[in-house]
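Visitor: Take this structure, written in structure tokens, and hold onto it; I'll ask about it next.
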Amino acid sequence: MTFLITYYAHPDLLRVCLDSIKKYHPDAKIIISQQIEKGFTFEQGTDPDVRIEYHDMKHTQWAAVATNLMMVCQDDCAVFIEHDAFLLKSLQPLIDEVENGTYDLIGPEEICGIRNSPGMIAQNFFIINLRKMREEGLGKIWVKDIDKVKKTCKNTESGYGISQTLTNKKFMKMSESGYGHGTFYDDYVHHLWYGSYKKRNVSDEINTLWMDYETDRLIKDYQSGKICGSNNCI
């Protein structure tokens with residue numbers, strides 16, 4: 001099993017992500033695609049199961065990063081996760097459902113109306129039948145009607161092509177986590193929305209100082225073994 005990670009700017013969150021993967025899937029291979037920009041690099045270290053690739057998301061669609069990761073992955077099933085998300089428990093029951101052919105794509109339900117309801121967010125976290133996606137053609141990852149997507153959804157970098165190509169899908173429920181822009185995907189994954197903004201200049205009214213606080217609070221809670229949501233603690 002290979003975990004494909006997109007990384008932009010927050011090494012502490014990436015370390016949490018990696019720690020959670022190693023905790024629940026110690027034998028997994030990991031490929032990290034990181035932004036080519038001085039100051040944001042993450043050192044590979046000596047772990048032979050961790051591989052570094054590079055991307056330039058500032059000047060390309062997210063699809064370019066996804067395509068690159070899928071091309072270098074040698075497994076037929078992969079877990080795609082952003083660096084500001086981490087596992088709350090083993091994904092093996094979900095991975096089994098993809099590997100045995102029950103589903104081709106498992107990920108969070110979409111919160112935007114660009115698809116028939118329910119839709120799927122195939123970007124922040126998903127488990128994919130990569131063999132089938134290759135058979136369908138990785139070129140389908142690219143959004144050809146990007147202007148239409150921009151009119152109907154704020155998340156213009158979402159994996160629209162992936163979720164449209166693979167129709168045999170299982171949807172994970174989303175719930176607020178109690179951290180700034182944080183979300184639970186069922187009880188398997190926590191994603192800290194905008195987590196990469198800690199070291200990033202933004203122009204969409206994100207308060208980076210507030211996000212610093214939320215991010216640091218989440219990391220400390222993770223390290224102490226207590227991740228609290230709006231209705232529960234894991």
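Visitor: Can you name every residue in the range 37-51 that is surrounded by fewer than 16 Cβ atoms within 10 Å (Cβ to Cβ) and at pLDDT 65 or above?
Guide: Across the range 37-51, the qualifying residues are 49, 51.
Visitor: Tell me, which strands (runs of 3 or more DSSP E) wholly within the range 119-234 include 3 or more residues that are of a type in the set (A, V, I, L, M, F, W, C) and either farther than 19 Å from residue 15 by Cβ or at pLDDT below 90 (or both)?
Guide: 125-129
The values are calculated or read from the model by the stated rules, or taken from the named source; none is laboratory data. Since the model is a prediction, treat every value here as computed from it, not as a measurement. All Cβ positions, even for glycine, are placed from backbone atoms using ideal geometry, and neighbour counts span all protein chains on display.
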